[in-house]
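What follows is one structure encoded as structure tokens, with my remarks underneath.
The values are calculated or read from the model by the stated rules, or taken from the named source; none is laboratory data. The structure presented is a predicted model; accordingly, all values stated were derived computationally and were not measured. In this analysis, Cβ positions are derived from the backbone assuming ideal geometry, glycine residues included, and neighbour counts consider all displayed protein chains.
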């Protein structure tokens, strides 16, 4: 559902401020009125979305994203540029909103969440699970789902050919990730079949988990199914993967874009995603990255809270 009242209030505040600025400048300086920023949206933007943006973002002309290294969502290149699914969606969101987007590379999920609460970043596109607990501080917009998978080097002697073979093994996971939570559930399943729990090794990001598996420091690297597909597609002779089942505690999790709840950006991002769904951009990007099996029919606002209320 859109939020016309909020959008109208923001637009009125923005227009009022734009009209008042030249008069204040004239009174203070005794000269010609200072030029006010244009209230017209840039070419290609959706006017209603541009008008609904929080004033400080519209004036700055940019949404600041935090982003850790997490291929294929975000690949940090040697020159510091970021490519991947996240970059494609950021560009698309910026187009319909009429602002630039930029990414600051951070060291994992905690740094992204804390940085947003501290005002250093405006958004983080995950992939992060939408939960009722997190939605006490953040608004979330779910745009895909996933299951947890575990990358295994083909050279491994750990004999991992199925998810239950991870019982008793050392598994690298990203700190605070969905996979860390799913691995705990897999360990509970291990207990029911009389096997020892998997040993989680928490690391900063997906690259570190993959390197740990490749070097033999762990037996497997946990990550989202989309990331596992990307790794094995890029390096089929080097890695394989197994995917946790529902019987083993897996759930289909809602992955979302996060923004601080007090910034009023969440409802605007929701409507921007709705625009990308309507104009075909969402489907195009998901097909480009071979993610059609984890799409959602429409973006969902604060899905974690909605699930908790059922």
Restricting the search to the range 175-201, which residues are part of a loop (DSSP other than H, G, I, E, B) and over 20 Å from residue 106 (Cα atoms)?
193, 194, 195, 196, 197, 198
Where the second residue is in a helix (DSSP H, G or I) and at pLDDT 95 or above and the first is closer than 18 Å to residue 236 by Cα and in the same structural domain as residue 176 (by TED's automatic domain parsing) and lies in the range 202-219, which pairs have Cβ atoms under 8 Å and are six or more apart or on separate chains?
219/166; 219/213
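Test residue 273 against the stated conditions and say whether it is out of contact with any helix residue (DSSP H, G or I) (no Cβ under 6 Å at 6 or more places or on another chain), crowded, with 20+ Cβ neighbours inside 10 Å and not in a helix (DSSP H, G or I).
Numbers: out of contact with any helix residue (DSSP H, G or I) (no Cβ under 6 Å at 6 or more places or on another chain): yes; crowded, with 20+ Cβ neighbours inside 10 Å: yes; not in a helix (DSSP H, G or I): no.
So residue 273 does not fit the description; no.
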Number of the condition not met by residue 198 [criteria: (1) crowded, with 24+ Cβ neighbours inside 10 Å; (2) under 23 Å from the mean Cα position of the chain (by Cα); (3) without any contact (Cβ under 8 Å) to a residue 40 or more places away in the chain]:
(2)
Would it be correct to say that residue 64 is within 15 Å of residue 260 (Cα to Cα), in contact (Cβ under 8 Å) with a residue 24 or more places away in the chain and assigned to a loop (DSSP other than H, G, I, E, B)?
no
Could you count how many residues in the range 202-218 are over 24 Å from the mean Cα position of the chain (by Cα), assigned to a loop (DSSP other than H, G, I, E, B) and surrounded by 19 or more Cβ atoms within 10 Å (Cβ to Cβ)?
1
Of the residues in the range 276-309, how many are under 15 Å from the mean Cα position of the chain (by Cα) and not in a loop (DSSP other than H, G, I, E, B)?
8
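Looking at the structure I just gave you, is residue 79 over 16 Å from the mean Cα position of the chain (by Cα), outside any strand (DSSP E or B) and free of Cβ contacts under 8 Å to residues at least 40 places away in the same chain?
Against the criterion (over 16 Å from the mean Cα position of the chain (by Cα), outside any strand (DSSP E or B) and free of Cβ contacts under 8 Å to residues at least 40 places away in the same chain), residue 79 qualifies.
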Select from the range 220-270 the residues that are part of a loop (DSSP other than H, G, I, E, B) and without any contact (Cβ under 8 Å) to a residue 24 or more places away in the chain and list them in ascending order.
235, 236, 246
